[in-house]
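Peer 1: One structure, pasted below without further comment.
Please treat every number below as a calculation from the coordinates, not as lab data. Predicted model only: the values in this text are computed from it and were never measured. Glycine also receives a Cβ, built like all others from the backbone with ideal geometry; neighbour counts cover every protein chain displayed.
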Amino acid sequence: MKTQGGPHLRRLVANSCLCVLLIAAVMTAESPATFASPQAANEYEIKAAFLLNFAKFVDWPPKSFSDAQSPFLICVIGHDPFGPVLDSSAIGRTVDDRVVEVDRYPNTRNLSEAQHCHIAFVSASEKQHFRKVIDSFQGKSVLLVSDADGFASEGGVIEFQMADDHVGFVINPDAASRADLQVSSKLLDLAKIVHDDPSKGKS
């Protein structure tokens, strides 16, 4: 997909920003300046904005944080498609008064070190290892997000999907419940809902 110029990108940006603005409309303390402008936005700028704003619609249990000063951590597992966009978008952002920080784990050998993350974006580069990645977070309150096909039905919580040139998302409430995450009805209303695939044998 082209990331600059052309009618396809303009349609992608226009439609995607509409979806992002839907999230902005139900937020209570966000500035419109935190969202990518139509002139500057590309697919992963939009997805970065979504990742940051998902945190406003999900409640993590207190045990997810070691103390009151612990940062809110967004992690990327596998190949990083965001580049500097996610870091720049996170500058100055907070979640429940916790500073947002970004961390990266380029391969699945470091999954034990990623257990402290609160949102983990699992790159499509790890598609062959989804089961390993998802199972590694069992019992942890981590919002697992990806843009690879089938991630939500595989047991991830949120899956980005492209439809009609805009970025939408799917939520698996079964996976959210297993992670002890409370997802706002406002976010669920904006999503397509899927449930666990019984053939995967999740419990």
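Peer 1: Report the residues of the stretch 46-68 in range of a label on Asp103: point 7 Å along Cα→C-beta, backbone N strictly under 19 Å from it.
Peer 2: Flagged as within label range: 51-52, 55, 60-68.
Peer 1: Right, here's the next one. Counting Lys +1, Arg +1, Asp -1, Glu -1, what net charge surrounds Lys140 among other residues with beta carbon under 13 Å of its beta carbon? Show your work: numbers first, answer last.
Peer 2: Details: positive: Lys63, Arg178; negative: Glu113, Asp135, Asp180.
Within the 13 Å Cβ shell, the charges total -1.
Peer 1: Now for a separate question. Which is farthest toward the positive dipole end of the stretch 141-203 among Ala179, Gly155, His195, measuring Cα position about the Cα centre, with Cβ charges +1 (Lys, Arg) and -1 (Asp, Glu)?
Peer 2: After comparing all options, I get Ala179.
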